[in-house]
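Engineer: One structure follows; several queries about it will come next.
The values are calculated or read from the model by the stated rules, or taken from the named source; none is laboratory data. Everything quoted here is computed from the prediction, not taken from an experiment. Here the Cβ positions follow ideal geometry from the backbone for every residue, glycine too, while neighbour counts run over all protein chains shown. Protein only, heavy atoms only, side chains kept; ligands, DNA and RNA dropped before computing areas. Shrake-Rupley method; radii C 1.70, N 1.55, O 1.52, S 1.80 Å.
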Amino acid sequence: MYDFFHNTNIGLVILTFIEALALLVPLLIGVAYLTYAERKVLAAMQLRKGPNVVGPFGLWQPFADALKMLMKETIIPSGSNRLLFLMAPMLTFALAMVAWAVIPVDDGWVGADINVGILYLFAISSLGVYGIIIAGWASNSKYAFLGAMRSAAQMVSYEVSMGFVLVTVLLCVGSLNLSDIVRAQHTVWFCVPLFPMFIVFFISALAETNRSPFDLPEGESEIVAGFFVEYSSMSFALFFLGEYANMFLMSALTTILFLGGWLAPFNVEPFTWIPGVIWFILKICVVLFVFLWVRATFPRYRYDQLMRLGWKVFLPLSLLWLVITAGALMAFGWLPNT
């Protein structure tokens, strides 16, 4: 059986398919229950109950919502480009899924342990803006197009500072491999020496995923839900799932870059008894909780404030910290062997 799966083309295809399912099925279930968790957390912070009708404690609510979406009609505007209109949500959702191919959930537990994992994630995140722009243009709606333009400008603005943050981490590691980045934090997590970069990265992740307080592309008060205003049923659900899958991805990336990935917080028993994948999931849940906490706490930024924060605060700060980090590594001889 081992020879069939590892030494034949058909076996390799089947094995890859099984590995993909083992990663994507829990991820999709997690995305479904993230919507439930968001509603419960926001309800608790606003002294409400939240979902509590469908199933015990409302636990079946995500599946009820999914069934409702499946039962609804897909409405395509008469003036839209039908092909691109339907392709845009599929592209957004697919990109949110394929990015997980290089995410290591434990030591050796990774779909593709490539040496340029960071570059792969950069490429995928850069492509993500296309789905949103195509959706805004193909809808043939001025509100959708305005939302798409806002989102494109916002994603490009904050990707610059995120890039400098990643370069700062890579300087300390000397590798583009995500597993190597985690192993380099065996002594101390990078959130300690690179704390300003940790904060910049997390806030940029909020802007990159169009989450509050940076949810201007979906500004209900002025552009009526933004780039997916014309979408309904499963095409809307794909955008919805893509946004929450991107939240999972950014939380996983924050965990890998700054919170030690699958490593235990203290290298002593009983912490080392807990499997690495459990630590990885717990850290992602903590970061996701902060995503929800921010939404319940902060009001939406004005658009000029959003751009000023990205270009006049985060970009100079990340560039300055990159120079300081490189100088410190050179001065004290801490440059990793590459």
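Engineer: List the trypsin sites (Lys or Arg not before Pro) in the stretch 234-338 that DSSP assigns to loop (not H, G, I, E or B) and whose Cβ has at most 12 other Cβ atoms within 10 Å. Which are they?
Structural biologist: Listed in order of number, the matching sites are R302.
Engineer: Using the membrane-span-like helix rule (whole DSSP H runs, Cα extent along the own axis of at least 20 Å, mean Kyte-Doolittle hydropathy at least 0.0), which helices of the chain qualify?
Structural biologist: Long hydrophobic helices here: 9-45, 82-98, 117-138, 142-173, 233-258, 276-297, 315-331.
Engineer: Something else about it: At 4 °C and a viscosity of 1.567 mPa s, what translational diffusion coefficient does Stokes-Einstein give for the stretch 74-205, taking Rh as the Kirkwood radius over Cα pairs? Give it in µm²/s as a whole number.
Structural biologist: 77 µm²/s
Engineer: At a probe radius of 1.4 Å, what is the per-residue accessible area of Y120, in Å² to the nearest 10?
Structural biologist: 70 Å²
Engineer: Full extension from A296 to A20: what is 0.36 nm times the residue separation minus their Cα-Cα distance, to one decimal in nm?
Structural biologist: This chain segment gains 95.9 nm when fully extended.
Engineer: Leaving out ligands, DNA and RNA but keeping every protein chain, what accessible area does M87 have, in Å² rounded to the nearest 10, with a 1.4 Å probe?
Structural biologist: Only protein atoms counted, so the area is about 90 Å².
Engineer: Counting heavy atoms of the protein chains only and a 1.4 Å probe, report the per residue accessible area for the chain as a whole number of Å².
Structural biologist: 51 Å²
Engineer: How many percent of Cα pairs in the stretch 184-338 exceed 20 Å?
Structural biologist: Roughly 61 percent, once rounded to a whole number.
Engineer: Continuing with this model, one more query. Could you order the peptides 271-281, 165-175 from most to least packed, using the average number of other C-beta atoms within 10 Å per residue?
Structural biologist: Ranked from most to least packed, the peptides come out as 165-175, 271-281.
Engineer: What is the distance in Å between the Cα centres of the stretch 153-182 and the stretch 292-338?
Structural biologist: Value for the Cα centre distance between the two parts: 11 Å.
Engineer: Label points 7 Å out from Cα along the Cβ direction at S232 and Q46: separation in nm?
Structural biologist: Each label point is offset 7 Å from its Cα along the Cβ direction, giving 2.6 nm.
Engineer: Provide, for q = 0.07, 0.09 Å⁻¹, the log10 of I(q)/I(0) from a solvent-free Debye sum over equal Cα point scatterers in the chain.
Structural biologist: The computed values of log10 I(q)/I(0) come out as -0.32, -0.53.
Engineer: With charges only on Cβ, +1 for K and R and -1 for D and E, what is the dipole size of the chain about its Cα centre, in debye, rounded to 20?
Structural biologist: Taking the Cα centre of the chain as origin, the dipole is about 900 debye.
Engineer: Report, ordered by chain and residue number, the lysines lying within cross-link reach of K40, taken as a straight Cα distance under 17 Å and ignoring same-chain residues fewer than 8 apart.
Structural biologist: Partners found: K49.
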